[in-house]
1. Using a Förster radius of 51 Å, what is the FRET efficiency between ALA395 and TRP230 based on their Cβ-Cβ separation? Nearest 0.05, please.
2. Quick check: convex hull of the Cα atoms in the range 105-195, volume per residue, rounded to a whole Å³?
3. Kirkwood Rh over alpha-carbon pairs of the range 250-366, then Stokes-Einstein at 25 °C and 0.890 mPa s: what D in µm² s⁻¹, rounded to an integer?
4. Any chance you could look up the accessible area of LYS132 with a 1.4 Å probe, heavy atoms only, rounded to 10 Å²?
5. Can you give the local net charge around LEU267? Use residues other than it whose beta-carbon is closer than 15 angstrom to its beta-carbon, Lys and Arg +1, Asp and Glu -1.
6. Give me the percent of the accessible area of the range 28-141 that comes from carbon and sulfur atoms, probe 1.4 Å, all protein chains in place.
7. Which percent of the accessible area of the range 308-414 is formed by carbon and sulfur heavy atoms (probe 1.4 angstrom)?
8. Which percent of the Cα-Cα distances in the range 74-144 go past 16 Å?
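The values are calculated or read from the model by the stated rules, or taken from the named source; none is laboratory data. Note that the coordinates shown come from a computational prediction; the quantities given were computed from them, not determined experimentally. So basically every Cβ, Gly included, is an ideal-geometry build from the backbone, and we count neighbours across all protein chains shown. Keep in mind that these areas ignore ligands, DNA and RNA; they rest on the heavy atoms of the full protein, side chains included. Shrake-Rupley method; radii C 1.70, N 1.55, O 1.52, S 1.80 Å.
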Amino acid sequence: MTAEAVEAERISGARSLRPLGGVLAAMAVSLTGTRISAIALPWFVLATTGSATRTGLVAFCEMVPYVVVKAFTGPLVDRAGPRSVSWVTDVISASAAGAIPLLHVLHMLSFWPLLVLVAVIGAARGPGDLAKEVMVPEAAERARMPLERAAGLAGVTERLASTVGLAIGGAAVAFLGPLTALTADAVCFASGSVIIALALPRRSAYASPAAEGPPEHEHRQEPEHEPGYWHRFGDGFRFLRQEPLLLTIIVTVGILNLLDAAFSSLLMPVWARESGHGPSAMGLAGSVMGFAAVGGSLIAAAVAHRMRRRLVFFGGFLLAGAPRFLVLAADAPMWAVLVVFAASGFGAGFLNPILGAITFERVPRPLLGRVNALGDSLAWAGIPLGGLIAGASVASFGLTAVLLAGGAAYFLTTTLTALRPEWRDMDRARAKGTTATETRQGPAH
């Protein structure tokens, strides 16, 4: 091979990796900003109002629009394209996040306008996160990368950005104040918008290089009229009804998300207070779990496409769920808590790569935005309720009883549902083909 041919191949390879690198970089900076905000915003509200109730209301006002708007913007993502939706929503999030410190400095920010700005951030984040998720399979196609590996890299990016973002947020709030941290949040969202605009091609993100048009001897008949929004929205429901595996995954993950939200938003803080370990123990345990999850995701990205999905999936949940509840209920020493959280994080690192690959394989590309929007929103629907249910339960039965019940619920959810026949399709889907270029195409509704 001549030197010119080698150089041309190198350039071609770099160009094929550029979209995937752009998507992962945009996910990284946006998620880092989100995690910075997760520390800076509650601290800002507590510092300015002194009210825990108002702090909880701010979190509620961000998550409810996130879930609801995300559910209804699937047709928009499929129609306008995830690239456009991603950079526009990141611009909106950056503007709303930047307005909070600006209006506070100008003495123009009261509590109710703050709630409106937080709701705008949540409403924009929903479709923005969805759009970045939808762009992964096409970027994997261009990089000629197995879906498990691409989904694994996305999982690594998510967990690493979450861990680093929390660390940056805590340090920024401690040394520079919450307003500076919120400004950094706005900069992260703006950076994500710029990365998407520069790294991703302008054409539709649904047309793969191998399917940019029909063969010359085929002529596609154009529809007489474009289906309306609600018809396209209903396509997502109609597709999910025909996919027992995806429905089972959504219900299972929805229950586990509620339990995880209860654990992180209330049970963990109450344990930190009652055990005397304090908030530093929460941060340490969360960091240990986060970095272990990054390690698990890296291994999943490298080898998950060669492993049996069902075995790895439920093994990961067995480590990630019940042990965290039980070690806190046992009043174990801190070193034991850290060991269990590290094992839980490692197991959790294998989950999202498998879930992402299954979704990308089973959902036709033109329906990906709608189906992912509905699935994610249904799976997240219980998150705003997790802390409320846990708080009432702890007040009635005590922390230890609720931790034991939560661990039992987590274990039963992941073991009993594993007996259902739908889960066998996890490995069957992979047997049909593991590369993104073999992803099913569906009718463009």
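1. Working: r = 43 Å, r/R0 = 0.84.
Rounded to the nearest 0.05, the efficiency is 0.75.
2. On the way: hull volume 10.1 nm³, N = 91.
Cα convex hull per residue, to the nearest whole number: 112 Å³.
3. Details: Rh = 15.1 Å.
Translational D for this selection: 162 µm²/s.
4. Result for LYS132: roughly 10 Å² accessible.
5. Values: positive: ARG273, ARG324; negative: ASP260, GLU274, ASP331.
My count for the surroundings of LEU267 gives -1.
6. Numbers: 3170 of 4290 Å².
Carbon and sulfur together cover 74 percent of it.
7. Numbers: 2890 of 3820 Å².
Of all accessible area on the range 308-414, carbon and sulfur atoms account for 76 percent.
8. Working: 1353 of 2485 pairs.
That fraction is 54 percent.
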